[in-house]
Each structure stands twice: as C-alpha cells, then as structure tokens.
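What follows is a single structure, written as structure tokens, with notes after it.
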2 protein chains.
Amino acid sequence: MSIRIRVGIIGYGNLGRGVESAIRQNEDMELVGVFTRRDPSSVQVQTDGVKAYTMDQLVAMKNNIDVAILCGGSAKDLPEQTPELAKLFNVVDSYDTHANIPQHFAAVDASANEGNKVAIISVGWDPGMFSLNRLYAEAILPEGKEYTFWGKGVSQGHSDAIRRVEGVKNGKQYTIPIEKALEAVRGGSNPEFTTREKHLRECFVVAEDGADTERIEKEIKEMPNYFSDYDTIVHFITEEELERDHAGIPHGGFVIRSGKTGFENENNHVIEYSLKLDSNPEFTASVLIAYARAAYRLNEEGQSGCKTVFDIAPGLLSPSSAEELRKRML
Amino acid sequence: MSIRIRVGIIGYGNLGRGVESAIRQNEDMELVGVFTRRDPSSVQVQTDGVKAYTMDQLVAMKNNIDVAILCGGSAKDLPEQTPELAKLFNVVDSYDTHANIPQHFAAVDASANEGNKVAIISVGWDPGMFSLNRLYAEAILPEGKEYTFWGKGVSQGHSDAIRRVEGVKNGKQYTIPIEKALEAVRGGSNPEFTTREKHLRECFVVAEDGADTERIEKEIKEMPNYFSDYDTIVHFITEEELERDHAGIPHGGFVIRSGKTGFENENNHVIEYSLKLDSNPEFTASVLIAYARAAYRLNEEGQSGCKTVFDIAPGLLSPSSAEELRKRML
C-alpha cells in the first residue's frame, strides 16, 4: 500500500497507547503525532520519529492528519472534544455513556456536517461490537430475547468506589458472570434474572495499617448502586499482592440471543458472541483503528456527518479489497 | 408500518417454507406469492390468501414484488436463477459454493446493474454470519489466527454419500466439532490441527434387510473426501428410530479468532461467535429475510448491483430507525 492513512492520537493514557501499538499491526496506517494536555516534554512516545504535541498545536497540523482518534474519557473529554474536532478532522471516539449517546450524536453530527468530515462515535466493544451483535441477532431472530453478561473483568468505576471507602489504600473489583445463568440462557429457556443472579462482584482490597477490615467489608457490600444488589466477595491482600496478581486490565463478556422460528415457533436457535480480553484498552484501541480506516474511506468517497457502528458496512473495516474479501472470507 | 415490503418466494422446499414462516415474524413484510417448478395445484401454501404460481407467472408479477427471495440450490438453481431474476427484481440468495462465489458475483452484478436492481448473494450463516464474524475479527485483530468449526449438525452432502453405499436404505450424518480442539483454540495458543483433530463424523445408518453391515461400515469409514480423513462412528438403527430421533435438521458451529495486541504482543484476546440451530433452513431463511429488507431499502435509495453481507451496513437489517437503534441498542 503506497499511501498510508495518517493518524493523530488525542490523549495518551492507556487507550492512546493502545492505539499507538495497534497502528504497528496495520500497514496501511501511520502515526503522525500524539496530542496531550500534559507537558509534551514529559511524554515518551514509543514510535520512532513521532513526537508529542500540545493540544494547541493540533489545528496547525490539520492537513497532515487523515483521522484523529480521540482517546479521552466519556465523562469530561469527549462531550467537548468530539464535536469540536469533528469540524476539522475525521474523528473516531469510544464515547460510552449509553444514556447520552443520542445527544452526543446530535452535537457531533452538526459539527461533522459543517466541516464535511466523517465522525464515528461510540466505537469499542460495548458500545461497539456488543451493540452490533445485539442488532444482527435481533434482526435475524425477532421473536427472541437477548442477554448481555460482562466479565470476567475489571470495572474501573467499582474499583474507584472501593478506594473511596475510609481505611482503603487500594483496591480492584472484578465483575464476574454467573455460569449457571449463562447456561440457562444457552439452554434457550429465555429465563428472567434478578441483578444478583447474573453477575457477582469480587473485590481485592488493600487496607491501611490498623484499619477495621470488618467495617470496610461491610461498607463495600452494602454500598448502594455499586454493590448492594450483588453477591460480593471481599478479599484483603497486601499492596505487593495487588501489584503482582492484579496489574492487568482484563475484560470481556457475552451477548446471547435465543429465539424461535417455524410456523409453530417450534425451533429454537442460540446466537452467542463472546470476548475474552487480556487488555480492555488495547482491544478497544484495535476496534478504533478499524473504524478509523472506515471513517477515512467514507470521507474520501465524499460522505460527511456522524455515524455509529450500525452505519458502517463491514467491508470498510478491512484493508483488503471487496474482491479479495469475497474470495478469501465469504 | 403502513407500507409493507412485498416478498416473493422462489422455490418451495425447506428453505422456502422457512422464509414463509419467517415473514410472519416481521411486520414490515408480506408474502405475495410462492413460485415453484412443481404443479402449483400440488403445493399447499401455509399463508392465508397466498397462492402458488408457476415460474412462468413470475415475470408478469414484476410490479407486485419488491424482493424475490431465491430458495433454490447452489448446484443447479442459483447459478442460473439469480443472474436471470436480478434483471427484474431485487433478489437475495444463499449461494454457498464458496469457491465459485467470485464468478457468481460477476454474473449477478452485471444483471442487477442492467436492471437497476439490488442483489445480495451468499446470505445465510456460512457463507453469511460466519463470514461477517471472520471479517470483523480479522479487522480488529490482524495479528491472530481464525478457526471455524461446524456442528453439531446434519451434513446433507455426507448423508447423501452414506445413502449411496450399497445395502444402505437410509442414513444421516452429523458433523461434530471436537471439544478438545475448541478448548485449545479458546486458550489462545493458536494450535495447528489436522482434519481429524477438528471434527468427527457420526453416522446413523438403516441397512437393507440382510445387508452386510460390516462391509457397509468399512465402506463408509474408508470413503475418500467424505470420511477417510476423519474419525467416523457408524451406528446401525431401524427406519423407525431414524424417523423418531433424527428427523430434525440441526446445525451450527463456531468462528473463533485469537490474536495479540500490545507493543510486545503481550496481550491475548479471543473473539468467539457461535450458533446452535434447531433448524438449519429456518435460520438461513431468517437471515435471508433481514437482508431482503436491506436489498429493498438500498434499491429505494437508488443503488443497484450485486452486494454481499460485507457491503451491507448492519442498521439496514433492522426494521427500527437509525435513531431508535442508537437509543435502544448502542
């Protein structure tokens, strides 16, 4: 491939570094620069010849960047950044506040249309690949029921909640799908579950010296919204154990739909999609890269506006030509 | 929904009947007619007010049909029918001779462009949903390896092969994925398998009175292409047992990709898609229906030509609006 898609990374945390490493696996892409709110001289970019820049320098590099991949957070960064940058760049983000997607879409769509750019929002695995699988399965089996299970994986929000408990020095929370519930769904009986029946929560907690671990455990287990509706297991471990055994950011989950067909609804079908991820941010980054390719191509075709994974023909994600894909993969 | 998509079913075997029953689950669709090479008076259509017609009557109903769903076989019917009918109708077929897809595509594309119609070929689960999952997974994890396992399910071709053995009255063959191989793939070690290590073949055979079952078993197990590369289990049963226990047409399988990410390829990820189908033809029919909706919509937008599942944005498959999908499913 002679012309490579020139990518800018906006935000250089776990996700931004994941995008950087994913670009190396895609020969049709190259990294142009990393843009950060930190002091660029404090940032060590891993790619030879590529520098870190301030956010202020981004606009000046408008003509050197084909797609900007936005790697900030959904709470504060993306609601501002994506609409702002979609006026100037093709952009891809991983906005994941499900309830606010319609308003984020509207804001980004207006900007992208104004700038004649393509923006693809809410790209990743949930929202993202899980959403796609919900859609495909429902379109194929309209008379059915769909289930999403998450885990086993680290929930950042729940880990943060643990760390806010008095006497807690550090902690990590794993969301774990309950095998019995998964098996019931796979059996096609379309069961109904309470929250407690679908997932359990396992916490690894480092207590401060002399802290009352009994009180900490009770406070965690009874915490509303986060833990009180679940069966929660609390382990107290040392900081060294936490670092040694729980440094990773694994995640994953299952989207399962079971549905009926036939004149008498006599036949049952189960469609299951699952992910088992060693690194949540690196996998999300890999999905962002594939959709960055699609954003660039659609804009080259003359399209503009905001899109989601639902609007993107799958073939646009692959570096292979349509002809090659038909021959090799269909 | 006030205007419904008017569907014609071309060919009324298991697949055609599956399409008929699937239309009942989709309120935005209605069945206009069933077209058959048999004597229409011998065909009992299940839908009130809908008749069977000869193939010759199809052209005259051109203006009453929005999409023709082609339910014939890939060996003889579709290579002729799809290019012929794509001149006059939006069409969807389930052409599944993988090696010949490029030439089928070319023939259908020429016709569909000539007639300003949209044709979507090779729709179903493999080719179809399995192909899509291979594509998505490879685009996300380019440094990885993909595995397809089929079954447990009935292979029509292998069942036919059994029935051609002298002394065999009837028979059915199940393709079964080997659990140990599946587990090795899920473990992320990217194993290499021989044919024998991935699937086994289980045959239920009804022998003619007085036939030499030992010879039949040997002939089946040693049959080149079909059985000789596999571990094959042969059971002799009665016609009654075959009818009682093996009347269904179940199938399914697994598409699994495992791949690495990270600067040192240090993180592994497993993407798994699986189907467990009570009725292979009814599930295939349900996929055809969803793509028939997409074919109609694309043609309404002014598009024409041949497409595959790779070219179809997922949102086009759902009766819900893009806005509703974003709100409800993303």
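The values are calculated or read from the model by the stated rules, or taken from the named source; none is laboratory data. It should be emphasised that the depicted structure is a prediction, and the values quoted were computed from it without experimental measurement. Because the Cβ atoms are built from the backbone with ideal geometry, glycine has one as well, and the counts that use them run over all protein chains shown. All accessible areas refer to the heavy atoms of the entire protein, side chains included, with ligands and DNA or RNA removed. Shrake-Rupley method; radii C 1.70, N 1.55, O 1.52, S 1.80 Å.
The figures follow:
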quantity	calculated
Other-copy label distances relative to residue A:55, 7 angstrom Cα-Cβ extension, nm	6.6
Cα-Cα over 23 Å, subset of B:172/B:221; A:327/B:307; B:152/B:221; A:76/A:152; B:172/B:218	A:76/A:152
Calculated P(r) tail over 35 Å for chain A, as whole % of Cα pairs	31 percent
Sparsely packed GluC sites (Glu not before Pro) within segment B:141-180, loop by DSSP, other Cβ within 10 Å at most 15	B:143, B:166
Computed E for residue B:114/residue A:59 - FRET, C-beta separation, R0 41 angstrom, nearest 0.05	0.25
P(r) tail fraction, segment B:1-147 - alpha-carbon pairs more than 23 Å apart, %	40 percent
Rounded to 5, the percent of DSSP beta bridges in the protein assembly as shown classed as antiparallel	55 percent
Candidates A:170, A:225, A:90: whichever shows maximal mean-square fluctuation once chain A is modelled as a Gaussian network with Cα springs under 10 Å	A:225
Segment A:255-265 - phi-based ³J(HN,Hα) in whole Hz, Karplus 6.51/-1.76/1.60, Gly and Pro as x	10, 10, 10, 10, x, 10, 9, x, 4, 10, 6
Other-copy label distances relative to residue A:301, 7 angstrom Cα-Cβ extension, nm	0.8
Chain A: calculated mean residue ellipticity at 222 nm from DSSP helix runs of at least 4, using -39500 (n - 2.57)	-10000 deg cm²/dmol
Antiparallel %, DSSP beta bridges [both residues in segment B:60-181], to 5	40 percent
Sites residue A:245 and residue A:323 - FRET efficiency at Förster radius 41 Å, r taken between beta-carbons, to 0.05	0.25
For chain A, share of DSSP beta bridges that run antiparallel, in % to the nearest 5	50 percent
Solvent-accessible area per residue, Å², over segment A:108-148 with all protein chains present [probe radius 1.4 Å]	23 Å²
Sparse-neighbourhood loop sites, trypsin sites (Lys or Arg not before Pro) in segment B:124-182 - DSSP loop, at most 14 other Cβ within 10 angstrom	B:164
Cα-based Rg / Dmax (Å) for the protein assembly as shown	27.0, 88
Cleavage-rule hits, GluC sites (Glu not before Pro), segment A:282-314, DSSP coil, Cβ neighbours within 10 Å at most 15	A:301
Choice from B:119, B:106, B:295 showing the highest fluctuation, given a GNM over chain B with Cα pairs closer than 10 Å	B:106
Label 7 Å beyond Cα on the Cβ vector: residue A:179 copy-to-copy distances, nm	1.3
Segment B:169-226, accessible surface, carbon-and-sulfur percent (1.4 angstrom probe)	46 percent
B/A buried area, accessible surface, summed, 1.4 Å probe, Å²	6100 Å²
Fluctuation leader among A:210, A:157, A:171 - chain A, Gaussian network, Cα springs under 10 angstrom	A:210
